[in-house]
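Here the structure comes first, spelled out in structure tokens, and everything after it is commentary.
The values are calculated or read from the model by the stated rules, or taken from the named source; none is laboratory data. Note that this is a predicted model, so its numbers are computed, not measured. FYI the Cβ positions are ideal-geometry reconstructions off the backbone, even for glycines, and counts take in every protein chain you see. The protein model used for the area step is the full one, side chains on, heavy atoms only, and it has no ligands, DNA or RNA in it. Shrake-Rupley method; radii C 1.70, N 1.55, O 1.52, S 1.80 Å.
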Amino acid sequence: MRRRSLLLAAVPAGLATLAACGDGKSASSKASASPSSSVPAAPPPKIVEGPLPAITAGTKFGEKPTVAKGPGEPSKNLAVKTVIAGSGATVAENDFIQANYLGQIWNTAKVFDNSYDKKRPLLLQLAEGSVIDGWRYGLAGRKSGSRVQIAVPPTWGYGKDGEPQAGIKGTDTLVFVIDVIDVFNSKSSVKGKPVAQSDASLPKVATNTDGSVPKVTVPKTAPPKKLVSTYVLEGNGPELKADQAVLCQFQGLVWDGGRTFQRTYGSGRLSQFVLEQMQQAVKGLAQGLTGKKVGSRVLIVVPPELGYGDTPPSGGIIKKGATLVFTVDILAAM
């Protein structure tokens, strides 16, 4: 089964001017029945506390759970329970969440997908049309650090058509256990440790962590000839791999004059792209991020041959032979 798009298709314009960095496919081609959906939105459901099947093993946050078969008939409403209450940020509509989850069918307890075995948490936006409504409504108001259990009737799942390739019928109620690891929105910044910026030949980048635009001061000197990638704020997350999708805040400037050509800070959106696909647009940006730690702010200076060279986007401020300057807050990766 071809994996449904749940990363790139759900993201606002993001890095659109950097070329078609996403083709609407996820970072993985591995088969799964992830909770993305093209089913038209239904009216808001009534949320009830149960019934919900017991979690019989893997009961701690972050552990792969084992869930019993549903007890009798499921509710026709959306059943939601906070199994473990977290104390982090509150989830809201249109936020991005990073989460581990397991999904199974109510009547049979057959597991149709889980992220725990893949060792890569899911990263998606709780927005209409990008995730099933059971998740949209069931996770809103919960806090990061929480384990949430949800029973989703077809109306707020995959609809009357189900998801046949995953063995989900149009009459199946689905049971999810979701560990909400983190929450991100347009006001998010990384919280890494400041790194000394002692090279006067490079741009200076502000270290504010309030979600506002970090000021970038470009020196009035000739730009470096080679790619530069250096920490401004160094996080403690895992290092990015070339096949991963990145969720970030970013801004792009041209070296000459320090003018901004695109940014997400202050725009009400985040950007998400796959590093391998970015290689086809701005190689230097992909190369500069690969190997950097999640939770970091990175300064990347891209020479023309690793940027747009002699074929910049038409109608913009990027000219032929332009050196580009990026600051990227690496919020999360999948």
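Full extension of the chain segment joining SER212 with GLU276 gains 20.2 nm, where the gain is 0.36 nm per residue of separation less the Cα-Cα distance. Segment 172-235 and segment 97-141 have Cα centres spaced 28 Å apart.
Taking VAL301, VAL183, VAL254 in turn, the Gaussian network model of the chain (Cα-Cα springs below 10 Å) assigns the largest fluctuation to VAL254.
Grouping the Cα pair distances of segment 244-334 into 5 Å bins from zero gives a pair-distance distribution of 3, 15, 25, 27, 19, 10, 2, 0 percent in increasing distance order. For the chain, the mean residue ellipticity at 222 nm estimated from helices alone is -1000 deg cm²/dmol, where every DSSP H run of n ≥ 4 contributes -39500 (n - 2.57) and the total is divided by all residues, rounded to the nearest 500. With springs connecting C-alpha atoms under 10 Å apart, model the chain as a Gaussian network and identify which of PRO303, PRO43, PRO74 has the largest mean-square fluctuation. For the chain, modelled as a Gaussian network with Cα springs under 10 Å, the answer is PRO43. For the chain, the alpha-carbon radius of gyration amounts to 1.08 times the rule-of-thumb value 2.2 N^0.38 Å expected for a compact globular protein.
Loop-resident trypsin sites (Lys or Arg not before Pro) (DSSP state other than H, G, I, E or B) in segment 111-201 with no more than 11 further Cβ atoms inside 10 Å of their Cβ: LYS119. Residues considered: SER144, SER201, SER296. Largest GNM mean-square fluctuation over the chain, using C-alpha springs under 10 Å, is found at SER201. Taking the average, over residues, of other Cβ atoms within 10 Å as the packing measure, peptides 148-156, 234-242 rank 148-156, 234-242 from highest down.
Using the 1.4 Å probe convention, the accessible area of segment 61-138 works out to 42 Å² per residue with neighbouring protein chains retained.
With all protein chains in place and a 1.4 Å probe, the accessible surface of segment 108-219 carries 51 percent carbon and sulfur.
Extension gain for ASN77-LYS320 works out to 81.7 nm (0.36 nm per residue, less the C-alpha to C-alpha distance). A 1.4 Å probe run over segment 166-261, with the rest of the protein chains in place, finds 49 Å² accessible per residue. At a Förster distance of 35 Å, what's the computed FRET efficiency of ASN236 paired with LYS64, Cβ-Cβ distance as r, to 0.05? The calculated FRET efficiency here is 0.90. In plain terms, the chain from GLN197 to GLU93 could stretch by 33.7 nm, reckoned as 0.36 nm per residue minus the Cα-Cα distance. Placing a label point 7 Å from the Cα of LYS143 along the Cα-to-Cβ direction, the residues of segment 78-120 whose backbone N falls under 15 Å of that point are 82-92. Entry note, the chain: relative contact order of 17 percent, from Cα contacts under 8 Å with a spacing of 6+ residues.
What part of the accessible area of segment 228-277, given as a whole %, is carbon or sulfur when the probe is 1.4 angstrom? Answer for segment 228-277: carbon and sulfur cover 40 percent of the accessible area.
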